[in-house]
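The structure under discussion appears below in the form of structure tokens.
Just so it is clear, none of the values below were taken in a lab; they were calculated from the coordinates. All of these numbers come straight from a predicted model, not from anything done at the bench. FYI the Cβ positions are ideal-geometry reconstructions off the backbone, even for glycines, and counts take in every protein chain you see.
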Amino acid sequence: MNEIANAAELAIDVRGLTKRYGGRAVVDQVDLQVRAGRICGFLGPNGSGKTTTIRMLCGLLTPDEGSGTCLGLDLRREALAIKRQIGYMTQRFGWYEDLSIRQNLDFVARLFAVPERRAAVDAALARLGLVARQHQLAGALSGGWKQRLALAACLIHAPRLLLLDEPTAGVDPAARRDFWDQIHQLAAQGITVLVSTHYMDEAERCHELAYIAYGRLLARGTQGEIIGAAGLVVFEVAGDEVGPLLVSELQALPGVQSVTAFGSRLHVAGQDAALLRDALAPLAQRPGLRVAPAEANLEDVFISLIGQAQDNFAGAAQPS
């Protein structure tokens, strides 16, 4: 992603962000800049450091190294002020199950000392389509409605930055689509969003992306920039023989960095076009198999990146 000269445009601007546990750097020298009003997708495998990074950005954890700002406020010295101006949605939605939707939102509004609290709750209910259900107990809601309640609670104090940690995990596709429509509406109003996700279709809906693995930021930029920078050559293998045996065979070929299944098709990726083409040539002669060049996609790139990344658990202090 191109460097941004005007720091005033940055809602998030951190450099060298590092957090260690037991001698292991779970977040290791992460640089991250996100412009105001942009949606940044934060991707990476489980245990890659996404949640720890988000908790440092919102002031819940103090970095061991690194510095920077959120909303122009210093990450170390002004953590309390940052907390007042962000909305943080955790992996597990935060609500009281024995309170109604309205009571939950009213409670959060009290915590943030929101002026004209009743009007703010009414507005949050209307924005997320919760008016008809406002007296329903939170514990009786389905996953999609709980997600709406959690987002409404994040927005009740009119934050300028949303930090969303896998907010759509466990909800159905329709609820995910509605959620992302809301996120884009918020971004259009100038709210900045950093959202961690495992879904490639959601990554494609972000303005820009950051990919982290084993605590290190491996790629950053728009979808096109990340795919272009990876320099991957991809061939598609399709046909009746596609299955685990063929995957194992392909993974053993010279020049192959990754093999990814997409239904009855396989994407075979590498860096050396000539080497990969020669290695796959014999397969093209097999009856029932088709081999053809293909465009690299985000999943190809991220699988290739994780395959090249170094595990930060090796050599770390082990618990006794």
> Dipole of the chain (Lys/Arg Cβ +1, Asp/Glu Cβ -1, origin at the Cα centre): which of ALA120, VAL27, ILE39 lies farthest to the positive side?
Replying inline: ALA120
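Dipole of the chain, Cα-centred, from +1 at each Lys and Arg C-beta and -1 at each Asp and Glu C-beta, to the nearest 20 debye? Don't jump to the answer; show the numbers that get you there.
Details: 31 positive and 34 negative charges, 242 e Å.
In debye, rounded to 20, the chain gives about 1160.
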> Taking Cα centroids, how far is the stretch 16-76 from the stretch 194-246 in Å?
Replying inline: 21
>> So if I place +1 on the C-beta of Lys and Arg and -1 on the C-beta of Asp and Glu, and nothing else carries charge, what would the dipole magnitude of the stretch 233-295 be about its Cα centre? I want it in debye, nearest 20.
In response: 60
>> List the lysines whose Cα sits under 29 Å from the Cα of LYS146, skipping any in the same chain fewer than 8 residues away.
In response: LYS50, LYS83
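Which of rounded, prolate or oblate describes the chain when judged by the alpha-carbon gyration tensor and an a/c cut-off of 1.5? Can you show the working numbers first?
On the way: a/c = 2.27, a/b = 1.66, b/c = 1.37.
In terms of gyration-tensor shape, prolate.
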> With axes computed from alpha carbons, what is the tilt in degrees of helix 117-127 against the longest principal axis of the chain, rounded to the nearest 10 within 0 to 90?
Replying inline: 30
